[in-house]
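Worksheet: one structure, shown below.
Read-outs: derived from the displayed coordinates by stated rules, not from any lab. This is a predicted model, so every value here is computed, not measured. Note that we place each Cβ from the backbone using ideal geometry, even for glycine, and neighbour counts take in every protein chain shown.
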Amino acid sequence: MSIAIVGGGLAAATAAAELRERGYDDDVVIYSSEDHLPYERPPLSKDVLLGKKDIDSAIVHDEAWYTANRVRLERGVTVTSIDPAAHTLRAEPTGGGESTEHGYDRLLLATGATARRFDLADRVADPIYLRTVEDNRRLRSALRPGAKAVIVGGGWIGLEVASAARQKDAEVTVYERADLPLVAVLGPEVARLFADLHRAHGVDLRLGTAVDEAALAAADVVVVGIGAIPSTQLAEQAGLAVDRGVLVDEQLRTSDPDIFAVGDVANHQHPVLGRRVRVEHWDTAIEQAKVAAHNLIGGGEPYTHLPYFFTDQYDLGMEYFGSVGPEGYDRVDIEGDTDVANGGAFRAYWVKGGTVLAAMHANDWDASDVVRDSVGAKR
Ligand SMILES: Cc1cc2nc3c(=O)[nH]c(=O)nc-3n(C[C@H](O)[C@H](O)[C@H](O)COP(=O)(O)OP(=O)(O)OC[C@H]3O[C@@H](n4cnc5c(N)ncnc54)[C@H](O)[C@@H]3O)c2cc1C
């Protein structure tokens, strides 16, 4: 038996470990287009960007782990096609070169996502799309005291970069087309608190405003954080069902019975939420990889874990559990001190029809379990 894992991120490395954890003893090969050992991306916009931690701290397993666990890690190798009927794939060096064919019995797609491009910024500036170690290095050296940083997009990555840039004494302007940052996820009640936090730290937050050419041209560094696009090209080429991500069933199986997909690339039929979700979070990459590893070797486990994510901005740390969904919420209950710029700690609960759909805390780490367990409960 041979299992091929395509993609060299957190989901890929976690799946390989879980296969060994569950006693699977045959071949495991990871094909990773990056040259690095698989690493976690969240520190790229937080501690590693701030220079508080080294990039090595973000590595999932060290080199010796792969040898000791007999996991063949093919670094700098891109899979260019999959033939599901023949159970083969073709791979070649990422920069180009001779392609080779390899067989597999079961395959896991963990190809992740890439940053959405912004044409105007590409034309006018040489923007940084923060996704890789190389992007992080470039941004770290650009964030100098007094540097004029323009950030396009007030999402998680844009705001985390704004926080790091202010802590490095750069002048920061954030352009966000919506009326509040993060409003699509948090709603206006809590999104407003993030806007206040950034303004209190000296960010020039331009809301309801599209960035123009002059602003981009005048910046020392432009960072674009306007979302990610799932890397579905291989799945499409292989004839798998794809619709805003690779479609997987409750057990994370694609439309081909021998191919599973997890992490940022997977559009999952979530049995608890009762709808499809594609979740771009660290925790989902880990938890889906564990369940998929089980199912790759014959398990029939549905993936039921609810979405979870965290962010760190300035001195604020927050965790968010659950998912509001397209139908929205009736009300949000906020408890505690919302003056987060001055160390306030609060909890928020998004409620619909008397049930908590999602809940978060900011700076209230002791409440983490209570907040998590409130999701799905009556309120
Ligand atoms: C800057 C940044 C900050 C983040 N912060 C947070 C956070 O605070 N909290 C949180 O919950 N989440 C955060 N995330 C999201 C989180 O990092 C992702 O959800 C997670 O990385 C997804 O893991 P993955 O393995 O599915 O995909 P990825 O990490 O994207 O890895 C996919 C890998 O597959 C490789 N690949 C793609 N195609 C091929 C191919 N054909 N052949 C071989 N290899 C291929 C890619 O090069 C890449 O190395 C952040 C992401 C970024 C970029």
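Miscellaneous remarks
- With Cα atoms, 0 to 90° folded angle of helix 133-142 axis to the chain main axis: 20
- Using alpha-carbon coordinates, inclination of helix 183-200 to the longest axis of the chain, degrees: 50
- By DSSP, the beta bridges lying fully in segment 117-224 are antiparallel in about 0 percent of cases.
- Antiparallel beta bridges, as assigned by DSSP with both residues in the chain, represent about 55 percent of the total such bridges.
- Against the main long axis of the alpha-carbon atoms of the chain, helix 10-21 sits at an angle near 50°.
- Additional length obtainable on full extension of the chain from GLN167 to ALA147, 0.36 nm per residue less Cα span: 6.0 nm
- Packing-based ranking of 201-209, 4-12, 217-225, 19-27 yields 4-12, 217-225, 201-209, 19-27, ordered from highest to lowest mean Cβ neighbour count within 10 Å.
- Sequence of HIS361, HIS102, HIS87 once ranked by neighbouring C-beta atoms within 10 Å, starting from the fewest: HIS102, HIS87, HIS361
- Beta bridge orientation in segment 155-307: antiparallel %, DSSP, nearest 5: 40
- The base-10 log of I(q)/I(0) for segment 117-224, evaluated at q = 0.09, 0.14, 0.17 Å⁻¹, reads -0.20, -0.49, -0.73 [Debye formula, identical scatterers on Cα atoms, solvent excluded].
- Sorted by Cβ density within 10 Å, fewest first, the residues MET360, MET318, MET1: MET1, MET318, MET360
- Chymotrypsin sites (Phe, Trp or Tyr not before Pro) within segment 93-175: DSSP coil, no more than 13 neighbouring Cβ in 10 Å: none
- Reachable aspartates and glutamates from LYS378, criterion Cα separation under 19 angstrom, eight or more residues apart if same chain: GLU327, ASP330, ASP333, GLU335, ASP369
- Share of alpha-carbon pairs per 10 Å distance bin for the chain, given as whole %: 5, 22, 30, 26, 14, 2, 0
- Subset of LYS53/LYS352; LYS52/LYS148; LYS52/LYS352; LYS46/LYS352 violating a 31 Å alpha-carbon distance limit: LYS53/LYS352; LYS52/LYS352; LYS46/LYS352
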